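For reference, the structure discussed in these notes is given below.
Since every read-out is calculated from the coordinates, none of them should be taken as a lab result. Given the structure is predicted, the values throughout are model-derived calculations rather than measurements. Here the Cβ positions follow ideal geometry from the backbone for every residue, glycine too, while neighbour counts run over all protein chains shown.
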Amino acid sequence: MRISEIYASMQGEGPRVGMPTIFLRFAGCNLKCPGWPCDTQHAIDPKLYRHEWKELGAEQILDNVMTSSWASGAKNVCFTGGEPFLQTHDGLRHLARLLHREGMSLEVFTNGTLEWPDWALYTFKFVMDWKLTGSGEVINALDIIMKNASRLTIKDAIKFTIASEADFKEAYNAWSVWFQGNKLNLPEFYCGPVWGAMSPSRVAQLILDSKLPWRLNIQAHKYIFGDERGI
């Protein structure tokens, strides 16, 4: 599996925000999000990650994670990227089993455009980043996105990252049509601004004005550490 970096920090997004976490960042992504752009270019741009990524097996990754755990006390592991499900699914499953045996809790941040294997749904707490027009991506895999999203439950989350009020309206329409309209088993919903594009207070007001049961997602790690990498 292609590993960009492994480090311990505080989770800054999603249901486990504020939790000491070991970030297991995989190299490579099937999306580029040119409209923002993505804040982990070193993990998605081959020109950057090809000089530093390492190909490691599950046992080697486990050793690195456990070293970070012993040093930091963190027991939560976040599979992120890049896009984790670009990696071999057998390798991910083996790694997840090894980490579970060590008593680690597991979550995965994913864009949801690649079909998830069945085993992953009861192995990870999912945080799915639903891409909107402001990301600059043209999503042609809506059928896969909806199949994945329809399998999420209350333990999981869908995250909208918005760059404008038009993005917010798009997120609202997706939520009301696909989830409220179809009466799906709802995960938790999060909404937050692209860093520097909108103020968190404006997003909070949009959520309140729309009477939505969404949580504000503000990338708390950036308020704590800034844009420094690996913390």
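For the chain, the Kirkwood hydrodynamic radius comes to 18.0 Å, computed from all pairs of different C-alpha atoms. Using Cβ point charges alone (K and R +1, D and E -1), the dipole size of the chain about the Cα centre works out to roughly 360 debye.
Between Leu98, Gly57, Phe85, the Cα set farthest toward the positive side of the dipole of segment 51-130 (charges on each charged residue's Cβ, about the Cα centre) is that of Leu98.
When peptides 75-84, 41-50 are sorted by average Cβ neighbour count within 10 Å, with the highest value leading, the order is 75-84, 41-50. Computed from the alpha carbon atoms alone, the convex hull of segment 16-138 holds 114 Å³ per residue. Considering only Gln180, Ala197, Cys29, the residue lying farthest towards the positive end of the dipole of the chain is Gln180, judged by Cα position with unit charges set on Cβ.
Ranked for footprinting exposure by Cβ neighbours inside 10 Å, fewest first, Ser199, Ser105 give Ser199, Ser105.
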